[in-house]
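Report on the structure given below.
The values are calculated or read from the model by the stated rules, or taken from the named source; none is laboratory data. Being a predicted model, the structure only gives us computed values, none of them experimental. With ideal geometry, Cβ positions are generated from the backbone for all residues, glycine too; neighbour counts draw on all protein chains shown.
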């Protein structure tokens, strides 16, 4: 029995060594993703290394040297997977714009004796819900201000969790909104179930709202962006727009039209900064209509004609707002474009109204 026990212990030591090597590689890769100038700031925010270790730590090129030194400190302090996951959370919080975020909205909050948000209870229920279905999943939490960040690495029965393709979710307590990135379709039901149970809602659905700018998504759903003023507020701004005529020989053509475009644009979009979105898509669906003599076989086709129109820009809403003042489009701008922040969506499906057999996806009327 003794030799067998020694073999078991040897295998355990070898397994631990492999895990340590993998963990070191994971930490090293995370450090390598950091901009060199921000490495010290991220490590300080991480909070795992002591102040004295950070003071003795020196940033050196190439970045592999710096990453190796961080790994050496982590090995000396017996860093675990939880510590590595915390570093990954800090990195993704600092550089959230490297991912595309999707907004989910929950509804029908369940009655509770205590409506105050209990972060500990939320974490417990979230983990319990997921681990009841899949044990091979790692879950980590970290609070950044009012936002609770959740990191989930999914595994299967035959493979350990993939730490390099984790799902991130950001939840603000006392709100029905969750911002998620990196969620595969196979894991979506389990993730959504865990969220509604932990937050004490009964339903959750994916909104047609996506962006790489997480803060802009929050501005839209929380109504924190600048609201347009109504038309009766436009007159006080007229003097500010009209330039002073220094030389009486100089005339300003189309000044009245420029005033009109300016005020219509302000009434539609407001004057302050707009949330940052990069894309808006419109799925168009229509049936062919014509006289039977001219239509040929087209009217016999039951399938509608479909196409997708996409607008993209580094800052789409600002680009749309500038169209009319630049003379590229007529004012006011079509509500199909201007309604994006108010309807909290940047993906639309536009179909014909069908009175007898409505489509499962309702027509978009804006």
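Kindly indicate whether residue 48 is surrounded by 15 or more Cβ atoms within 10 Å (Cβ to Cβ) and at pLDDT below 90. Against the criterion (surrounded by 15 or more Cβ atoms within 10 Å (Cβ to Cβ) and at pLDDT below 90), residue 48 does not qualify. Only one entry in 333, 328, 340 is surrounded by fewer than 12 Cβ atoms within 10 Å (Cβ to Cβ) and either at pLDDT 90 or above or in the same structural domain as residue 305 (by TED's automatic domain parsing) (or both), namely 328.
Select from the stretch 28-40 the residues that are surrounded by 11 or more Cβ atoms within 10 Å (Cβ to Cβ) and without any contact (Cβ under 8 Å) to a residue 24 or more places away in the chain and list them in ascending order. It would help to see each step written out before you state the result.
Pass one, the stretch 28-40, residues surrounded by 11 or more Cβ atoms within 10 Å (Cβ to Cβ): 28-36, 38-40.
Hits for the stretch 28-40 are 35, 40.
Among the residues of the stretch 141-151, are any closer than 30 Å to residue 24 by Cβ and not in a strand (DSSP E or B)? No, because not a single residue in the stretch 141-151 is closer than 30 Å to residue 24 by Cβ and not in a strand (DSSP E or B). If the condition is being under 19 Å from residue 164 (Cα atoms) and out of contact with any strand residue (DSSP E or B) (no Cβ under 7 Å at 6 or more places or on another chain), then the stretch 119-147 contributes 134, 135, 136. Answer with yes or no whether residue 142 is in contact with a helix residue (DSSP H, G or I) (Cβ under 6 Å, 6 or more places away or on another chain), more than 16 Å from residue 201 (Cα to Cα) and in the same structural domain as residue 194 (by TED's automatic domain parsing). Yes.
Let's see how each residue does on (1) over 25 Å from residue 344 (Cβ atoms); (2) surrounded by 19 or more Cβ atoms within 10 Å (Cβ to Cβ):
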| position | (1), (2) |
| --- | --- |
| 117 | no, no |
| 128 | yes, no |
| 136 | yes, no |
| 145 | no, no |
| 156 | yes, no |
| 166 | yes, yes |
| 171 | no, yes |
| 178 | no, yes |
| 191 | no, yes |
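Check whether at least one residue in the stretch 259-271 is modelled with pLDDT of 90 or more, under 29 Å from residue 209 (Cβ atoms) and loosely packed, with under 11 Cβ neighbours inside 10 Å, and report yes or no. Among the residues of the stretch 259-271, not one is modelled with pLDDT of 90 or more, under 29 Å from residue 209 (Cβ atoms) and loosely packed, with under 11 Cβ neighbours inside 10 Å, which makes the answer no. For residue 124, the conditions (1) modelled with pLDDT of 95 or more; (2) touching a helix residue (DSSP H, G or I) at 6+ places or on another chain (Cβ under 6 Å) all hold with the exception of (2).
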